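Working notes for the structure below.
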Amino acid sequence: MSNYHIKNLEEYFQVYRKSVRDPENFWEEIAEENFMWRKRWDKVLEYDLSKPEVSWYKGAKLNITENCIDRHLYARGNKTAIIFEPNNPSEEAEHITYNQLHDRVCRFANVLLDHGVKKGDRVCIYLPMIPELAVSLLACARIGAIHSVVFAGFSSTALHTRINDSDCKMVITSDGSYRGGKTIDLKGIVDEAMNSCPNVKTVLVAKRMNSEITMKEGRDKWLQPLLDEASNQCAPEIMDAEDPLFILYTSGSTGKPKGMVHTTAGYMVFTAYTFKNVFQYRENDVYWCTADIGWVTGHSYIVYGPLANGATTVLFEGVPSYPDFGRFWQVIEKHKINQFYTAPTAIRALAKERLDFSANYDLSSLKILGSVGEPINEEAWHWYNDNIGKKNCPIVDTWWQTETGGIMISPIPYSTPTIPTYATLPLPGIQPALMDENGDELKGNLVSGRLCIKFPWPGMARTIWNNHERYRETYFSTFKNNYFSGDGALRDSTGYYRITGRVDDVIIVSGHNLGTAPIEDAINEHPAVAESAIVGFPHDVKGNALYGFVILKETGETRLHENLRKEINQIITEHIGPIAKLDKIQFTTGLPKTRSGKIMRRILRKIAEKDTNNLGDISTLLNPEVVQEIMDGAI
Ligand code: PRX
């Protein structure tokens, strides 16, 4: 029996039981059998969740790029590591072998060293989905620099906030990016951000568009000439198991974004193990995850997990709708994709289009379909199963988070029977618990509550950059000695988990995690706005969309509401990015508040969802009369 690659349900249960009985032994065997260590660990796990402090493979020394690249060169040097599929289908795809990847990562790493980047320094990466993005992550990891990727759809304000929070000394960007039929002036956004980033010494610029941009003397440098001159050999920096590998920002329900810190050895073992099992990856498979590397899904399941397994992973620059809605299916046919991993929002958008967009392509290479980022509704699940998988490909509905580093609850294809909308069973090593509101664990089946994890796992984030107290408070204070995910879930009669959605003020829009507070802060910057509150409401493509309730200042504002709506969305775009724009904006004279002044979002949510039959007791509100006004004005 191999712990590493589970092949049937019986084996899953055996491995699972073993992993819970003796987690240290379980994760030790996986680490022993599958990776390249410069020095073995002294202790597999040390932890104290009250602090919380967690250390996996303490004392071990390694470099993750040796595991993702060098280790494969002997047997797989000429195997394709990355297939780059450009935005425009008429531009040729690029096949990068493991040998070539080694060459490119070493050159890039030498360029970083030449510019004074050292182990432990932070480097911000703000790039579109081009090969340089994957290469730059690995180049940082090669020399022990901590990468902080910022999704290239974020605005300059969001960018400079993240750069400064982790004090990055370098930014890697490009002269622009293609996104479907549009182009985006990434360098212009970086230039704007740089006005507020005094500590950034160097901006490296990859050429993607040949567009006219301004280069600031002494700060901005074209990347390619530097790569051409650099040596293609770069000895890996030997890292401690718990040295940080990267920071990735995620929204919280309050305050500024949280820089989740992932460390080296545990993250590597966890992403590699989960990739292998959840996608049942076999040596010559071609695997495609459509996420952007700007999100955790791309980090773990485009770059680290697949490469740690010597897989062939596709890096797609484009969007599902360009040049038409058949693009995903065309790429599947073209590269004979075996495992396809995407988000419910993309499935719902494509399911709305004519069926011949998918029917015209040969999808017979597909073996496994994946879903991530938000609950997948039954209709989308069936459309995916019927039209893409042809009822022949298990669908893995994978539940996890930026904080968890990798997949936590998911079927294992060919082993776990799937049910639409159920993420099913925890992966080996993962011990979920459902809690009631009093903090007691709900034992047995047929229960629903708050989803926690009660034992450490190697991929968990170790802290929030520069704010360990916030980490403790957010994840480990609600339920003593448990990690609290912020999600609700139910466990059915067979022990299967179904994720029911966030129980905090985070809203998942098109699979993106958006905190309400930063959006409200942005809106409140508008000179005409006194106060605002954001809630989510169901949307047939995005899953949730944002509904804003806005109180205007009593300044005799004469601008048309329609203009104000545009301006409010403009401010949100500037502060956060277009993904956070509101679908509906209702102006009101008040917001329902408790006597202590807290906005009653539950009531606003019901109004936005048009479910006002049972608003509950509103008599205890400070201003119950406002509820009727808001209901009357609802959009
Ligand atoms: O609410 C859950 C939802 O996405 C949140 C995590 O978002 P993020 O950190 O951006 O990571 C997304 C990619 C892993 C979770 O708290 N979520 C993620 N996957 C699922 C899901 N909700 C239901 N089902 C899923 N499969």
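Only the coordinates and a few stated rules stand behind these numbers; no lab work does. Keep in mind that what you see is a predicted model, and the values were worked out from it rather than measured. Note that we place each Cβ from the backbone using ideal geometry, even for glycine, and neighbour counts take in every protein chain shown.
Using the Cβ atoms and a cut-off under 9 Å, what net charge is assigned to the surroundings of residue 232, where Lys and Arg are +1 and Asp and Glu are -1?
Charge balance in the 9 Å sphere: +1.
Please list, in order along segment 218-226, the HN-Hα scalar couplings obtained from phi with the Karplus expression 6.51 cos²θ - 1.76 cosθ + 1.60 (θ = phi - 60°), rounded to whole Hz, x for Gly and Pro.
With the stated coefficients, segment 218-226 comes to x, 10, 9, 9, 5, 6, 4, x, 5 Hz.
Relative contact order for the chain: what is it in percent, counting Cα pairs under 8 Å that are at least 6 residues apart? Show your work: numbers first, answer last.
Numbers: 1378 pairs, mean separation 78.2, N = 635.
Relative CO of the chain lands at 12 percent.
Counting each DSSP H run of 4 or more residues in the chain as -39500 (n - 2.57), what helix-only mean residue ellipticity at 222 nm follows after dividing by all residues, to the nearest 500 deg cm²/dmol?
Computed ellipticity for the chain at 222 nm equals -8500 deg cm²/dmol.
Identify unpaired cysteines across the chain, taking unpaired to mean no other cysteine Cβ lies under 4.7 Å from the residue's Cβ.
Isolated Cys, the chain: 68, 140, 197, 289, 393, 452.
Per residue of segment 359-365, in order, report the coupling 6.51 cos²θ - 1.76 cosθ + 1.60 (Karplus, θ = phi - 60°) as ³J(HN,Hα) in whole Hz, putting x for Gly and Pro.
With the stated coefficients, segment 359-365 comes to 5, 6, 10, 7, 9, 6, 6 Hz.
What does the charge add up to near residue 257, with Lys and Arg as +1, Asp and Glu as -1, over the other residues with Cβ less than 9 Å from its Cβ?
That works out to +2.
Give the order of 313, 589, 263 when sorted by the count of other beta carbons within 10 angstrom, beginning with the fewest. Before the final figure, lay out the partial values.
Details: 313 23, 589 14, 263 26.
By the 10 Å Cβ count, ascending: 589, 313, 263.
Quick one: 289, 452, fewest Cβ neighbours within 10 Å first, how do they rank?
Fewest-to-most ranking of 289, 452: 452, 289.
Loop-only trypsin sites (Lys or Arg not before Pro) in segment 356-417, please: DSSP not H, G, I, E or B, and at most 15 other Cβ atoms within 10 Å.
When the trypsin sites (Lys or Arg not before Pro) of segment 356-417 are filtered for loop state and at most 15 Cβ neighbours within 10 Å, 390, 391 remain.
Could you list 196, 231 in order of exposure, starting from the residue whose Cβ has the fewest other Cβ atoms within 10 Å?
Sorted ascending by nearby Cβ count, the order is 231, 196.
What aspartates and glutamates could a cross-link reach from residue 566, if we take a straight Cα to Cα line under 18 Å and drop same-chain neighbours fewer than 8 places away?
Straight-distance partners of residue 566: 520, 521, 525, 531, 557, 574, 583.
Tally Lys/Arg at +1 and Asp/Glu at -1 over every other residue whose Cβ is under 11 Å from the Cβ of residue 128; what's the total?
On the way: positive: 179, 208; negative: 132, 175, 292, 317.
With Lys, Arg at +1 and Asp, Glu at -1, the neighbours total -2.
Pairs 443/584; 258/581; 256/443; 187/610; 258/336: which are spaced more than 31 Å apart, C-alpha to C-alpha?
Details: 443/584 41 Å; 258/581 21 Å; 256/443 36 Å; 187/610 43 Å; 258/336 38 Å.
As for pairs spanning more than 31 Å Cα to Cα, those are 443/584; 256/443; 187/610; 258/336.
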